[in-house]
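The values are calculated or read from the model by the stated rules, or taken from the named source; none is laboratory data. All of these numbers come straight from a predicted model, not from anything done at the bench. Cβ placement follows ideal geometry from the backbone for every residue including glycine, while neighbour counts extend to all protein chains displayed.
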Amino acid sequence: MPRKIAAGNWKMNGLRGDLATLKTLANAHGDAGVDILICPPATLISACADLPFQIGGQDCHAEASGAHTGDISAQMLADAGATAVITGHSERRADHGETDAIVAAKSMAAYAAGLVAVICIGETLTEREAGTTLDVIDGQLAGSVPDGATASNTVIAYEPVWAIGTGKVPTLDQIAEVHAHIRARLTARFADGAAFSLLYGGSVKGSNAADIFGVPHVDGALVGGASLKADDFSPIITALQNA
Ligand code: 13P
């Protein structure tokens with residue numbers, strides 16, 4: 001069975017003073033029965049180490065060390081207390097020109113450091129309107145997910161680019177179609193493909209989480225904006241517990 005995961009991606013938000021949010025969440029959900037993964041900015045990872053959550057980075061370099069000013073290696077994230085790292089987020093693909101091959105290399109670096117790679121895929125609005133969503137997903141799965149992926153070291157996050165931070169959410173049927181497609185591709189390629197956790201991401205809120213978690217093959221969410229405040233993230237965790 002895939003693990004249920006409520007993941008929060010803080011993106012480039014969060015100062016030390018914001019850690020109070022996580023203490024509030026820990027009091028409410030310390031023993032949630034689902035996995036809670038918080039991905040704060042790298043500057044806060046070590047400060048999160050004592051919390052009863054899994055902590056993740058938002059990106060890593062493909063190499064373990066070297067002359068790459070400003071970059072962070074997977075090994076460094078692990079050393080700071082992370083157990084996971086997001087790779088291939090659409091903001092990295094768009095802002096930093098990350099290709100599927102780069103995302104695969106970063107995911108392999110995550111495995112080498114003992115981190116779970118949360119590999120993000122998803123179509124743009126243009127691609128959806130052109131009817132090529134499933135082809136895009138196929139290309140990203142083939143190119144971004146390494147052959148060494150297993151249900152233990154990899155989580156797949158389906159994040160339609162047009163739903164991120166826009167308040168626009170695909171219909172439940174659209175989410176169901178893509179998640180069933182991802183599951184079928186993983187099962188065909190990997191012996192334990194049925195056990196990979198598949199997260200939906202893009203404008204998840206307390207008000208739509210229960211419906212989204214009711215969709216087959218949705219094992220949790222990767223949440224941006226609504227993960228920044230305990231009052232917003234807490235109902236999403238509760239919805240996952242009840243799903
Ligand atoms: P929002 O929840 O703010 O739409 O962001 C989703 C996301 O990009 C998570 O990685």
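Determine, yes or no, whether A180 is touching a residue at least 60 places away in the same chain (Cβ under 8 Å), under 20 Å from I5 (Cβ atoms) and surrounded by fewer than 21 Cβ atoms within 10 Å (Cβ to Cβ).
Answer is no for this residue.
Looking at A94, A74, A32 in this structure, which one is within 19 Å of the chain's Cα centre (by Cα) and loosely packed, with under 13 Cβ neighbours inside 10 Å?
Sole residue among the options that is within 19 Å of the chain's Cα centre (by Cα) and loosely packed, with under 13 Cβ neighbours inside 10 Å: A94.
Filter region 195-207 down to residues that are more than 13 Å from the chain's Cα centre (by Cα) and without any contact (Cβ under 8 Å) to a residue 60 or more places away in the chain and give me whichever is nearest to the ligand (Cβ to nearest atom).
Among them, the one singled out is S203.
Collect the residues in region 208-233 that are in contact (Cβ under 8 Å) with a residue 24 or more places away in the chain, surrounded by fewer than 18 Cβ atoms within 10 Å (Cβ to Cβ), away from the ligand (no atom under 12 Å from the Cβ) and part of a helix (DSSP H, G or I), keeping them in residue-number order.
A210, D211
In region 63-77, which residues are touching a strand residue (DSSP E or B) at 6+ places or on another chain (Cβ under 9 Å) and of a type outside the set (S, T, Y)?
Taking region 63-77 first, the residues touching a strand residue (DSSP E or B) at 6+ places or on another chain (Cβ under 9 Å) are 63-66, 68, 71-74, 76-77.
E63, A64, G66, H68, D71, I72, A74, M76, L77 - these are the residues of region 63-77 that are touching a strand residue (DSSP E or B) at 6+ places or on another chain (Cβ under 9 Å) and of a type outside the set (S, T, Y).
Can you pull out every residue in region 108-148 that is assigned to a loop (DSSP other than H, G, I, E, B) and either free of Cβ contacts under 8 Å to residues at least 40 places away in the same chain or over 15 Å from the mean Cα position of the chain (by Cα) (or both)?
Hits for region 108-148 are A113, G114, E123, T124, A130, G131, T132, P146, D147, G148.
Of the residues A112, A62, A67, which is at pLDDT 95 or above, away from the ligand (no atom under 16 Å from the Cβ) and crowded, with 19+ Cβ neighbours inside 10 Å?
Of the residues listed, the single one that is at pLDDT 95 or above, away from the ligand (no atom under 16 Å from the Cβ) and crowded, with 19+ Cβ neighbours inside 10 Å is A62.
Please state which of the following conditions A105 fails to meet, knowing it meets all the rest: (1) in a helix (DSSP H, G or I); (2) away from the ligand (no atom under 13 Å from the Cβ); (3) closer than 25 Å to K205 by Cα.
(3)
For region 204-243, which positions are closer than 20 Å to I182 by Cα and not aliphatic (A, V, I, L, M)?
Those that are closer than 20 Å to I182 by Cα and not aliphatic (A, V, I, L, M): D211, F213, G214, P216, H217, D219, G220.
If you check A163, A239, which single one turns out to be of a type in the set (G, A, S) and closer than 23 Å to S90 by Cα? Quick ask: steps written out before the conclusion?
Values: A239 fails: closer than 23 Å to S90 by Cα.
Selected residue: A163, the only one of A163, A239 that is of a type in the set (G, A, S) and closer than 23 Å to S90 by Cα.
Quick check, is G206 at pLDDT 95 or above, within 30 Å of G30 (Cβ to Cβ), in contact with a strand residue (DSSP E or B) (Cβ under 9 Å, 6 or more places away or on another chain) and small (G, A, S)?
When the stated conditions are applied, G206 does not pass them.
With respect to the numbered conditions (1) small (G, A, S); (2) under 22 Å from I55 (Cβ atoms); (3) under 13 Å from the mean Cα position of the chain (by Cα), which one is the sole condition not fulfilled by A226?
(3)
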